[in-house]
Amino acid sequence: MSEKTIKLYDENAYNKEFEARVMDCRPANGDFDGFEIILDKTLFFPEEGGQTPDKGTIQVKSETGEGTADGDVVNVLDVQIKGDVISHFTDKSIEPGTVIKGTIDFAHRFSNMQQHSGEHIFSGIVNSLYGYDNVGFHLSDSVVTMDYSGQLSKEELADVELRVNRAIYENVPITCRYPSADELAKLDYRSKKELTGDVRIVTVEGYDICACCAPHVARTGEIGILKIVSSQNYKGGTRVSILCGQRALLYLAGMHDMITELANSLTTSVDSIPDLIHKQQEEIAALKRSLSEAGEKILLSEAAELPADSKCVFMFADKNSDANVIRRVVTKLVAGREGYLGIFFGDDTDGYRFIIGCGNGLNSNDVLNILKEKFQVRGGGAPAMVQGSISGASKEDILSVAATI
Ligand SMILES: [Zn+2]
């Protein structure tokens, strides 16, 4: 078995196809239901440094053993690195000794290169302006996150975003190389950990020098655009999510479509949406206020019709009643009564909420306990007033209990 897989992606990040020889192939261990193939060299970038691996295919070029015929295509579903050996996890096996043609999914790879190079510029600028380190990096097919060791405000993040995009317009070179030990010792570069052996240095001219194993675009212009999509406080620092290139374009296009659709459904222009929403919120608040005032008036006028001599009166209010209004009405009504007064709001299907009050010398908990004996009730309170909810009881059921008190 090979001791070391030659990393072709290290030499040229733009190659899409390569030829190699199968050194080993065996059923994969663990959960993966397929095969683990080791090649003498590969263009497939493995999962490393927070970045998800390349995808693609391996095609048999010449058959020297059993199993697969010339031209068979094997899908590469995962790529991992252990020491210096890279394993390709595939859906089919290929005999060792077979010469293969490997093809990476270059659209996927190029997108990763754009995201990763964008991250380097962002982290380089954060480091030079604020001195914070990138202490966590994750690049998946849907999200790119960076964790910085200090807190960055919205304004600071917006400024960094602008500076990164200016670096993109400048279209400066990005180079990847292995400096000598002497040169490395003198070099001031960003690194997540203490490194030994050959250290690959990625330089964004004028913006960043960082140790990194991943493929990068050759010039910053290829990143296209960088957009921050979210930021939050995280472990005393800041977690920032970004998108670059086509990912950023698709995200912004989706946002634009959504806002345009929103403007259409509000029959207004995009620019007028914030004012209109604000106005509608004020209108809704005013309507809620007048609705609760009207609800209070209705309950009070209904209460005026109530028999004065019944010890316990239960009234029913609109399902959407405001509990504060109900509480206010109960307080007003019990002031002039000898017995108990309860208001229920809800319906037979979804159940009822209730507030029950009483005059001096009585205890509302006594009524609550009667209800608890008969129905499924949750609630509690002080002698003067209790509140709760009741489920599985109809209006008729509740009224029949009132008649017994
Ligand atoms: Zn990197």
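The values are calculated or read from the model by the stated rules, or taken from the named source; none is laboratory data. Because the structure is a prediction, the values reported are computed rather than measured. Here the Cβ is made from the backbone with ideal geometry for all residues, glycine too, and neighbour counts use every protein chain on show. Areas reflect the complete protein model, heavy atoms only, side chains present, ligands, DNA and RNA absent. Shrake-Rupley method; radii C 1.70, N 1.55, O 1.52, S 1.80 Å.
Miscellaneous remarks
- If R0 is 25 Å, the Cβ-Cβ spacing of GLU48 and LYS92 corresponds to a FRET efficiency of close to 0.50.
- Of all lysines in the structure, those lying under 25 Å Cα to Cα from LYS61, and not within fewer than 8 positions of it along the same chain, are LYS4, LYS7, LYS16, LYS41, LYS92, LYS101.
- Cα-based reach from LYS288 at 17 Å (exclusive), listing lysines while leaving out same-chain residues under 8 positions away: LYS279, LYS297, LYS319
- Residue-level accessible surface for LEU152, protein heavy atoms, 1.4 Å, Å²: 20
- Accessible surface of LEU333, taken over heavy atoms with a 1.4 Å probe and every protein chain present, rounds to 30 Å².
- Helix axis angle, 106-130 relative to the chain longest principal axis, alpha carbon, degrees: 80
- Mean residue ellipticity, 222 nm, helices only, the chain: the sum of -39500 (n - 2.57) across DSSP H runs of n ≥ 4, divided by residue count and rounded to 500, is -11000 deg cm²/dmol.
- Theoretical gain in end-to-end length, ASP84 to HIS108 [0.36 nm per residue, Cα-Cα removed]: 6.3 nm
- A viscosity of 1.306 mPa s and a temperature of 10 °C, combined with the Kirkwood radius over Cα pairs in Stokes-Einstein, give a translational diffusion coefficient for the chain of 58 µm²/s.
- Tilt relative to the chain, helix 245-265 - C-alpha long axis, 0 to 90 degrees, to 10: 30
- Check: the chain dipole with +1 on Lys, Arg Cβ and -1 on Asp, Glu Cβ, in debye: 1240
- Between 0 and 90°, nearest 10: helix 364-374 axis offset from the chain longest Cα axis: 70
- With the convex hull of the Cα atoms taken as the outline of the range 6-104, the averaged projected area works out to 5.8 nm².
- In the chain, the sites counted are trypsin sites (Lys or Arg not before Pro) in DSSP loop states with at most 10 other Cβ atoms within 10 Å, and the longest stretch holding none of them, exclusive of the sites, is 1-192.
- Between ILE277 and MET255, the C-beta separation translates, for a Förster distance of 22 Å, into a calculated FRET efficiency of about 0.85.
- ILE6/VAL172 FRET efficiency (R0 30 Å; Cβ-Cβ; nearest 0.05): 0.55
- Carbon + sulfur, % of accessible area of the chain - ligands and nucleic acids excluded, 1.4 Å: 50
- Accessible surface calculations at 1.4 Å, restricted to protein heavy atoms, place the chain at 53 Å² per residue.
- Distance from the range 310-365 to the range 96-167 (C-alpha centre basis), Å: 61
- In a DSSP loop and with at most 14 other Cβ atoms within 10 Å, the GluC sites (Glu not before Pro) in the range 66-174 are GLU66.
- C-alpha center-to-center spacing [the range 376-405, the range 215-279] in angstrom: 51
- Computed from the C-alpha gyration tensor, the three semi-axes of the ellipsoid equivalent to the range 254-324 are 45, 12, 8 Å, from longest to shortest.
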